[in-house]
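Visitor: Structure provided below as structure tokens; questions to follow.
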Amino acid sequence: MISSPKRLFVTLILAAGVVAPAAPRARAAEPSYTVRKLPLPGGGGGLILMDYIAFDASTGSVWAPAGNTGAVDVVDASTGAIRQISGFATSEMGTGERKRLVGPSSVTIGNGTVYVGNRGDSTVCAFDSRTLAHGPCHKLDSMPDGIAFVESEKEVWVTTPRDKSIHILDAATLDQKAKLSFEGNPEGFAVDSKHHRFFTNLEDKDLTLAINLQSRKTVATWKPACGEDGPHGLRVDSASGHLFVACSARAEVLDTVRGGAVLSSIDTGDGVDDLDYSPSTHKLYIGAAKAGQLTIAEDDAHGKLSLLAVVKTPVGARNPAATDKGAVYLAHSALGGSGDLVVVEPGK
């Protein structure tokens, strides 16, 4: 999921006139940040393939599916202590120099339950968020990518781009309730229960879709104009209706309430995949793996992004998960990454 270095700069023509990307504006009051590495079990100085990670506010833990190790590492964000769930299936993908071992790769936080998607055997499994006890599993007919808990519907939505679909599972049993098919590869996810919408991108079509959670019909299609690489990760602020879209080298704000208009954008450096957003602070976190930096921006009531900080990180750090204390964990995988998480913390 690491994007190519090509970048496309676009001018967006809206009914109200020309809207250019918001000029970054630094805030002197933003604290300085420290950067450290947190080694994970099984790394031993070698590469751990990681993709999506997530923070569980109810337990203060970061869940990191550690792919090729066949494990999920659960990190106490206060103490740094790591508990591990092992025994996940792994399998080899690719050929020749592109061959790699894949395993657990995605995670979403539910109500007392955490769901893990595994590329090793195309399953989604549930775990107790506190005891880590194993719950039910469901085997998909295609490899899972992103995974999202939909609280209002008591469902888990799983993007499966290899067969251009989304699987909808019952959150309690993980039985499959529906499968949605598309004319492109679903990539990224965001849930807006207030407006009853699930958002995903068709990465190969450079489109962003809004899907009604109850009818499961696509109700809007927007063009973020990310370029050849297409759009990647998504987050949404349900209160404002602002949808944050990750392009390979920038992040955009789309207005989901008023036709998907692009309200602003901010340059981030290349290698962006997923991003994270804190509704309580209106802060957006974007890790650029190729540029080796974390961009922290703030969204205002009008959807204008303002630059707060750019923090240098090791090359390969991406897909941030922000904690309730303002720390940011990034998966350090590929492009020079190793067996660790990168932790970015605000100064005292």
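Visitor: Mind listing whichever residues of segment 150-182 are in a helix (DSSP H, G or I), surrounded by fewer than 19 Cβ atoms within 10 Å (Cβ to Cβ) and in contact with a Leu (Cβ under 8 Å, 6 or more places away or on another chain)?
Guide: Within segment 150-182, just SER152 meets the criteria.
Visitor: Let me confirm something: among ALA190, ALA210, ALA220, which residue is closer than 22 Å to SER105 by Cβ, among the hydrophobic types (A, V, I, L, M, F, W, C) and part of a strand (DSSP E or B)?
Guide: Within the list ALA190, ALA210, ALA220, the selection yields ALA190.
Visitor: Of the residues that sit in segment 101-135 and are in contact with a Gly (Cβ under 9 Å, 6 or more places away or on another chain) and assigned to a loop (DSSP other than H, G, I, E, B), which one is surrounded by the most Cβ atoms within 10 Å (Cβ to Cβ)?
Guide: ARG119
Visitor: How many residues, within segment 270-313, are among the polar types (S, T, N, Q), buried (at least 24 other Cβ atoms within 10 Å of the Cβ) and in contact with a Pro (Cβ under 8 Å, 6 or more places away or on another chain)?
Guide: 0
Listed here are the residues, each with its yes/no results for (1) of a type in the set (S, T, N, Q); (2) in a strand (DSSP E or B); (3) out of contact with any helix residue (DSSP H, G or I) (no Cβ under 9 Å at 6 or more places or on another chain); (4) not assigned by TED's automatic domain parsing to the domain that holds ALA327.
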position: HIS232; (1), (2), (3), (4): no, no, no, no
position: VAL245; (1), (2), (3), (4): no, yes, yes, no
position: ALA251; (1), (2), (3), (4): no, yes, yes, no
position: SER265; (1), (2), (3), (4): yes, yes, yes, no
position: LEU294; (1), (2), (3), (4): no, yes, yes, no
position: ALA297; (1), (2), (3), (4): no, yes, yes, no
position: ALA301; (1), (2), (3), (4): no, no, yes, no
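Visitor: Inside segment 81-100, can you point out the residues that are assigned to a loop (DSSP other than H, G, I, E, B) and β-branched (Val, Ile, Thr)?
Guide: THR90, THR95
Visitor: Pull up segment 316-338, narrow it to residues that are among the hydrophobic types (A, V, I, L, M, F, W, C) and buried (at least 18 other Cβ atoms within 10 Å of the Cβ), then point me to the one that is nearest to the chain's Cα centre (by Cα).
Guide: Result: ALA321.
The values are calculated or read from the model by the stated rules, or taken from the named source; none is laboratory data. Here the structure is a predicted model, which is why all the values come from computation and not from measurement. Virtual Cβ from ideal backbone geometry, glycine too; neighbours counted across all protein chains shown.
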